[in-house]
Amino acid sequence: MSADHILSVDHLSMRFGGIVAVNDLSFGAERRKITALIGPNGAGKTTVFNCITGFYKPTSGSMRLAHDDGRNIQLERLNDFRISKQAKVARTFQNIRLFPGMTALENLMVAQHNALMRASGLTLLGLIGAPSWRVAEKAAIDLARTWLERIGLLDRADDAAGNLPYGDQRRLEIARAMCTEPALLCLDEPAAGLNARESASLSELLLAIRANQGTSILLIEHDMSVVMEISDHVVVMDYGVKIAEGTPQHVRDDPKVIAAYLGADEEEAIAVMESGT
Amino acid sequence: MQTSRAPGVAFIFKKALISALVALVLFSLMIGVRTEAGSDGQLTYWTRFGDLAMMVATVFGGSIVVELLRQWWGPVGTVRVVPPQVTSALSLGARLVAPVLLIFTFLVPVIFYNERYILDLGILVLTYVMLGWGLNVVVGLAGLLDLGYVAFYAVGAYSYALLATNFGLSFWICLPLAGILAAFWGVLLGFPVLRLRGDYLAIVTLAFGEIIRLVLLNWQSVTGGPNGVTGIPRPTMFGIPLSPGDDGLAAMLRIEFSPTHRIVFLFYLILALALLTNWVTIRLRRLPIGRAWEALREDEVACRALGINTTTTKLTAFATGAMFGGLAGAFFATRQGFISPESFTFHESALVLAIVVLGGMGSQLGVALAALAMIGGFELFRGLDQYRMLVFGMAMVLLMIWRPRGLIGHRAPTVFLERNQAISSDLVKEGHG
Ligand SMILES: Nc1ncnc2c1ncn2[C@@H]1O[C@H](COP(=O)(O)OP(=O)(O)OP(=O)(O)O)[C@@H](O)[C@H]1O
Ligand SMILES: [Mg+2]
């Protein structure tokens, strides 16, 4: 492959007992690009995410993360929290998983845990209030403030995350993932439940993240307007296998994709076809 | 206000009837028929239908009362309309409670200098405040249900008792050692246990508490078994004993010796230890480790996705809580001068847990108030003799109906940009493992 892939998934399979949720799937996500993973319900998209982010141990296959500095990390060898900590892969969840009883600001502070842990000298420097810790804490708050501003939630920084409207929670979860300063950001249906205006601002946010932070994005999305507008590359799955991939234009016109969506859900198929015209 | 939505008389009646029926079925054999082995080994039995009828009637009446109270206070989760003036007055009052309570506590030995009973009670309450604050780290912040907290209390107490009686180490050297040893045991227990969640964790910690007690009971050669450890040295004021002798504090200050000096000293000692616990906890909450504890309580999966090592985070919570328990234990040993496994039964764990839950999980002030209410209240009802537990239990039930999330039902954020506003407990999770 000639393209510069930050993530290369090779022959990935995931079985749950008799169910083959992902079957010999290979694809790549290009560096500093937005790659969309689409497919009808139950295609296995979330399962792919769970394998990449270490929540599931894949039955077989490999996933390689190539960092900017040349480091290569085999994701299937790391488990849960190390994938975020060492491989710098951050994710959001299909059903939002914020810390509802903590404020928006606190949510973003928790995301900087590992950096702050180091700065607080594993708590000791922090406990005695060392100046170096104070500086680091202030920097962390500033970073959180920057992200709150970017997602338009600065005025709600001190409100409980669980009290925010649904769309704001979705954006906050993205900001929280970004506060871990990831190389690869995996978003599981970030536009689910958003109205048209919110979807548009989400697209803008993701494009800005790619442009300003240089973060590569892997995106699961059912909202075709978002997929068509922002993704550079689209991978289509059905029943655990890849049925098509290419540019949004290319995928949209692929009869196999249309058939998969028709088989699954007519409305979505129409959405796929209409979004191009 | 609620009457329109409240279920009617028929509903209450039906509910009470069902409760009474269940009570009838349950109690008919337990109370209604009394069996005993007769003189020749044959079975004799007699009936006690009068007692049975009384119990069932009590359940029936109690059920109606509870239901009425529940309607009076509104169902759990309803937002009661409280006038804003009242709310603001309450919040002002709430803000004053902590400092007033603290100042009062400092003055207790001055005000009640001649009332030994009050001083002893104060020491007892403060011990439980400290234990509550310690367990609060584990249960309230990290959301890990620990039913064996007394084990660490015991480890601390025996650490001091054995180190002091066998090696003659002073209290001030043993105190940190007791804390470290308890924390060490916390980690040791934590390793295998913390991958368990919820009920499983609760059961294993419960068992751990019992195991420690049984070891203390049966390891005769070291712990003295059921006889316990006697002659534990009293604490010294940094080397100066509080005794009537020539080298005692009273002689040095050229004042008349009084046994109250030691009580007052113990009072301020436990107050200092409790305040240390409080200070450390408040500080830790604002550090990444403390935030990770609370995040863990809120959502463990999200924590892992953010690169937080949940195992070490849980272990640190466990160890921190255990350390405070150990410090309190060392204090307990030096105050009593005698300890035995009897002081470290499950009852203690349950009491401390009740204090944390009653206080409103995670709230420092709530835990202090709850300890005061539980220990002080328990003493208050002493005159009621055998009905003490009953009255006490009823008070607890009523309190839980009135305030299902504890006395202090909100969470203070650890950091804020503009407004330091409390978070309603409806949003705060209780943890699951
Ligand atoms: N932990 C699990 N145990 C058993 N089966 C699972 C598990 N996780 C996923 N599956 C199965 O794997 C298949 C793929 O599920 P997955 O959640 O990955 O689909 P998806 O593409 O994300 O669908 P959606 O668009 O609805 O989110 C489904 O048949 C699902 O039932
Ligand atoms: Mg999914």
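Here the stretch A:91-115 is the region considered, the condition is being open to solvent by less than 20 Å² (accessible area, probe 1.4 Å) and in contact with a Gly (Cβ under 8 Å, 6 or more places away or on another chain), and the residue that is modelled with the lowest pLDDT is A:G101.
Every test in (1) more than 17 Å from B:R283 (Cα to Cα); (2) of a type outside the set (A, V, I, L, M); (3) at the interface with another protein chain (Cβ under 9 Å from one of its Cβ atoms) is passed by A:S62 save one, and that test is (3).
Among the residues of the stretch A:62-70, is any within 16 Å of ligand 1 (Cβ to nearest atom) and open to solvent by less than 20 Å² (accessible area, probe 1.4 Å)? Can you show your working first?
Keep residues of the stretch A:62-70 that are within 16 Å of ligand 1 (Cβ to nearest atom), which gives A:63.
In the following step, the residues that additionally are open to solvent by less than 20 Å² (accessible area, probe 1.4 Å) were identified as A:63.
Yes, some residue in the stretch A:62-70 is within 16 Å of ligand 1 (Cβ to nearest atom) and open to solvent by less than 20 Å² (accessible area, probe 1.4 Å).
Scoring B:M323 on the criteria (1) within 14 Å of another protein chain (Cβ to nearest Cβ); (2) farther than 25 Å from B:D120 by Cα; (3) surrounded by 24 or more Cβ atoms within 10 Å (Cβ to Cβ) leaves a single failure, condition (2).
Would it be correct to say that B:R262 is assigned to a helix (DSSP H, G or I), within 14 Å of chain A (Cβ to nearest Cβ) and open to solvent by 10 Å² or more (accessible area, probe 1.4 Å)? Before the answer, list the steps.
Working: assigned to a helix (DSSP H, G or I): yes; within 14 Å of chain A (Cβ to nearest Cβ): no; open to solvent by 10 Å² or more (accessible area, probe 1.4 Å): yes.
It is false that B:R262 is assigned to a helix (DSSP H, G or I), within 14 Å of chain A (Cβ to nearest Cβ) and open to solvent by 10 Å² or more (accessible area, probe 1.4 Å).
Can B:I289 be described as at the interface with chain A (Cβ under 7 Å from one of its Cβ atoms), in a helix (DSSP H, G or I) and open to solvent by less than 30 Å² (accessible area, probe 1.4 Å)? Criteria met by B:I289.
Of these, B:L275, B:L284, which one is away from chain A (no Cβ under 14 Å) and either touching a residue at least 40 places away in the same chain (Cβ under 8 Å) or open to solvent by 10 Å² or more (accessible area, probe 1.4 Å) (or both)?
Values: B:L284 fails: away from chain A (no Cβ under 14 Å).
When all the criteria are applied, what remains is B:L275.
Does A:I38 count as of a type in the set (V, I, T), away from ligand 1 (no atom under 15 Å from the Cβ) and more than 9 Å from chain B (Cβ to nearest Cβ)? No; evaluated as a whole, the condition is false for this residue. The residue of the stretch A:136-183 that is nearest to the other protein chains (Cβ to nearest Cβ), among those that are closer than 20 Å to A:S199 by Cα and of a type in the set (D, E), is A:E173. Scanning the stretch A:254-277 for residues that are modelled with pLDDT of 80 or more and either surrounded by 14 or more Cβ atoms within 10 Å (Cβ to Cβ) or of a type in the set (S, T, Y) (or both) turns up A:D254, A:V257, A:I258, A:A260. Here A:F93 fulfils each of the conditions (1) on the phi < 0 side of the Ramachandran plot; (2) within 16 Å of ligand 1 (Cβ to nearest atom); (3) more than 14 Å from chain B (Cβ to nearest Cβ) apart from (3). I'd like to check something: does the stretch A:143-156 contain any residue that is within 23 Å of A:Q213 (Cα to Cα) and among the polar types (S, T, N, Q)? Scanning the stretch A:143-156, I find at least one residue that is within 23 Å of A:Q213 (Cα to Cα) and among the polar types (S, T, N, Q), so the answer is yes.
For (1) within 26 Å of A:I96 (Cβ to Cβ); (2) open to solvent by less than 70 Å² (accessible area, probe 1.4 Å), each residue gets a yes or a no:
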{"site": "A:H11", "(1), (2)": "no, no"}
{"site": "A:G17", "(1), (2)": "no, no"}
{"site": "A:N23", "(1), (2)": "no, yes"}
{"site": "A:G42", "(1), (2)": "yes, no"}
{"site": "A:G54", "(1), (2)": "yes, yes"}
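Which residue, of B:I103, B:I64, is modelled with pLDDT of 70 or more, of a type outside the set (G, A, S) and under 30 Å from the mean Cα position of the chain (by Cα)? Result: B:I103 is the single residue among B:I103, B:I64 that is modelled with pLDDT of 70 or more, of a type outside the set (G, A, S) and under 30 Å from the mean Cα position of the chain (by Cα).
Taken over the stretch B:367-392, the residue count meeting the criterion of being among the small types (G, A, S) and open to solvent by 30 Å² or more (accessible area, probe 1.4 Å) is 2. Annotation note: Cβ proximity below 7 Å between a residue of the stretch B:218-244 that is at positive phi and a residue that is at pLDDT 85 or above and open to solvent by 100 Å² or more (accessible area, probe 1.4 Å) (sequence gap 6+ or interchain) occurs for B:G225/B:N218.
Take B:V155 and tell me if it is modelled with pLDDT of 90 or more, assigned by TED's automatic domain parsing to the domain that holds B:F318, out of contact with any Ser or Thr (no Cβ under 7 Å at 6 or more places or on another chain) and part of a helix (DSSP H, G or I). Here the answer is yes, as B:V155 does meet what is asked.
The values are calculated or read from the model by the stated rules, or taken from the named source; none is laboratory data. The shown structure was predicted, so the numbers you read here are calculated from the model rather than taken from an experiment. Neighbour counts are summed over all protein chains in view; Cβ atoms, including those assigned to glycine, are modelled from backbone coordinates with ideal geometry. Each accessible area value is taken on the protein alone, full model and side chains, heavy atoms only, with ligands, DNA and RNA left out. Shrake-Rupley method; radii C 1.70, N 1.55, O 1.52, S 1.80 Å.
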